[in-house]
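The values are calculated or read from the model by the stated rules, or taken from the named source; none is laboratory data. The structure presented is a predicted model; accordingly, all values stated were derived computationally and were not measured. FYI the Cβ positions are ideal-geometry reconstructions off the backbone, even for glycines, and counts take in every protein chain you see.
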């Protein structure tokens, strides 16, 4: 089996390139926006086929459900963290 | 001005008072009465260490990869305040390493979620680390000994560009001021200018690595920095852009960039004087005289002389 699906997320847009972070949080790639599907923006989750070690960007598909799920999870976590905020000015 | 590895500078500022006479500036404070801002050389990313005169530390952003070795080399044993200006990987990539390696007291971010594994790992780590106190980036003052960090009001949520919700910080130590704002772009910089939140500062970290959208003339006219530091590494985005370099050079006495100059430290004194230190060694390269208070009634002239590095 030399083909697998990988998840890459658009960390940010720099000019005409999307800066992508792999889900192993190790690899990063700059990919021209015109190679990626229409609608790619900051935070877009992409499912990309990797065949024989090569990422097939033409195969990239947006996963909107996973993007929204991750945002909801992060918002829940942030809400919990904000409960730790003592408020006001802080003296270190 | 861009400094090369083999040339350094001593910058002498004389203050030409309105009455036309040139006055020498006051004697330095005692050794140790200074705040130190170190721009770590973390490539195309940001990581800025603040050390108060009394030894409190703050780290603003943590690079793409771990800045822990550099922090250890600087003798950092605790970080009192860790700030993520915004959740892009070139600013938070090294956060988890920092949290796992160095005791952290407070963590601050802009409260805006992201979908990358980098961000998800960070937020998960913070959830588990109940010993770290979370702080929302809202208008408030963080006191680090005799220095203060003012957290600026953020613009309304912008769903299309996380850069424009970068946490804005103004470090004040007497008349020495530093402006740090991650990757803020025109929209956020203009918001701060419109709300009167941009003071006349001594040091400016070039927003967004010297991008074309990381400055406005109105912002630079308000900030009037003497020193601009660009945290930048090898990149394919054209950072820093020529128009940004030109703009910074036109308002500042010195423009430094971590790709050419390596780690940059600015030592600030309460009366507004500063020293530029390059590299890991404490290399004294310059001194600027003239406080921010004086500047409004006096004209400062920079005379660059005797550049001697290492």
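If you go through region A:38-71 and keep only what is loosely packed, with under 14 Cβ neighbours inside 10 Å and either over 14 Å from the mean Cα position of the chain (by Cα) or on the phi > 0 side of the Ramachandran plot (or both), you end up with A:38, A:39, A:51, A:52, A:53, A:54, A:56, A:58.
Just the residues that are more than 7 Å from chain A (Cβ to nearest Cβ) and either out of contact with any strand residue (DSSP E or B) (no Cβ under 9 Å at 6 or more places or on another chain) or farther than 11 Å from residue B:110 by Cβ (or both), please, taken from region B:131-151. It would help to see each step written out before you state the result.
We begin by selecting, within region B:131-151, every residue more than 7 Å from chain A (Cβ to nearest Cβ); these are B:131-132, B:137-139, B:145-151.
Scanning region B:131-151 gives B:131, B:132, B:139, B:145, B:146, B:147, B:148, B:149, B:150.
Residue B:125 fulfils the conditions (1) more than 7 Å from chain A (Cβ to nearest Cβ); (2) closer than 28 Å to residue B:269 by Cα; (3) outside any loop (DSSP other than H, G, I, E, B) except for a single criterion, (2).
Can you tell me which residues in region B:223-242 are within 14 Å of chain A (Cβ to nearest Cβ) and either under 25 Å from residue B:36 (Cβ atoms) or surrounded by fewer than 24 Cβ atoms within 10 Å (Cβ to Cβ) (or both)? The answer is B:232, B:233, B:234, B:235, B:236, B:237, B:238, B:240, B:241. Would you say residue B:85 is in contact with a strand residue (DSSP E or B) (Cβ under 9 Å, 6 or more places away or on another chain), part of a loop (DSSP other than H, G, I, E, B), more than 12 Å from chain A (Cβ to nearest Cβ) and in contact (Cβ under 8 Å) with a residue 12 or more places away in the chain? So residue B:85 passes the test. Per this entry, residue B:70 is not counted among residues that are crowded, with 24+ Cβ neighbours inside 10 Å and at pLDDT 95 or above. Residue A:26 meets the conditions (1) at pLDDT 95 or above; (2) within 11 Å of another protein chain (Cβ to nearest Cβ); (3) loosely packed, with under 14 Cβ neighbours inside 10 Å in every case but one. The failed one is (1).
Has region A:51-67 got any residue that is under 30 Å from residue B:105 (Cβ atoms) and at the interface with another protein chain (Cβ under 7 Å from one of its Cβ atoms)? Walk me through it before giving the result.
Within region A:51-67, the first condition is being under 30 Å from residue B:105 (Cβ atoms), and the residues that meet it are none.
For region A:51-67, residues under 30 Å from residue B:105 (Cβ atoms) and at the interface with another protein chain (Cβ under 7 Å from one of its Cβ atoms): absent.
Every residue, every condition in (1) out of contact with any helix residue (DSSP H, G or I) (no Cβ under 6 Å at 6 or more places or on another chain); (2) within 30 Å of residue A:30 (Cα to Cα); (3) touching a residue at least 12 places away in the same chain (Cβ under 8 Å); (4) surrounded by fewer than 21 Cβ atoms within 10 Å (Cβ to Cβ), yes or no:
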residue	(1), (2), (3), (4)
B:74	yes, no, yes, yes
B:104	yes, no, yes, no
B:109	yes, yes, yes, no
B:115	no, yes, no, no
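Could you tell me whether residue A:80 is out of contact with any helix residue (DSSP H, G or I) (no Cβ under 9 Å at 6 or more places or on another chain), in a helix (DSSP H, G or I), closer than 26 Å to residue B:131 by Cβ and within 7 Å of chain B (Cβ to nearest Cβ)? The answer is no for residue A:80.
Residues of region A:1-16 that are in contact with a strand residue (DSSP E or B) (Cβ under 9 Å, 6 or more places away or on another chain) and at the interface with chain B (Cβ under 7 Å from one of its Cβ atoms): A:9, A:11, A:12, A:14. The set of residues from region B:88-121 being assigned to a helix (DSSP H, G or I) and over 13 Å from residue A:73 (Cα atoms) comprises B:89, B:90, B:91, B:92, B:95, B:96, B:97, B:98, B:99, B:100, B:101, B:118. Any residue that is within 10 Å of another protein chain (Cβ to nearest Cβ), touching a helix residue (DSSP H, G or I) at 6+ places or on another chain (Cβ under 9 Å) and surrounded by fewer than 19 Cβ atoms within 10 Å (Cβ to Cβ) - is there at least one of those in region B:193-210? No, the conditions are met nowhere in region B:193-210. Yes or no: region B:92-100 includes at least one residue that is out of contact with any helix residue (DSSP H, G or I) (no Cβ under 9 Å at 6 or more places or on another chain) and at the interface with chain A (Cβ under 9 Å from one of its Cβ atoms). No, every residue in region B:92-100 fails to be out of contact with any helix residue (DSSP H, G or I) (no Cβ under 9 Å at 6 or more places or on another chain) and at the interface with chain A (Cβ under 9 Å from one of its Cβ atoms). Checking each residue in region B:152-165 for being facing chain A (nearest Cβ under 7 Å) and in contact with a helix residue (DSSP H, G or I) (Cβ under 8 Å, 6 or more places away or on another chain) picks out only B:161. Condition test on residue A:43, is it in a loop (DSSP other than H, G, I, E, B), touching a residue at least 12 places away in the same chain (Cβ under 8 Å), at the interface with another protein chain (Cβ under 9 Å from one of its Cβ atoms) and under 30 Å from residue B:126 (Cβ atoms)? Yes; evaluated as a whole, the condition is true for this residue. Only one of the numbered conditions (1) in contact with a strand residue (DSSP E or B) (Cβ under 6 Å, 6 or more places away or on another chain); (2) assigned to a helix (DSSP H, G or I) is not met by residue A:20, and that is (2).
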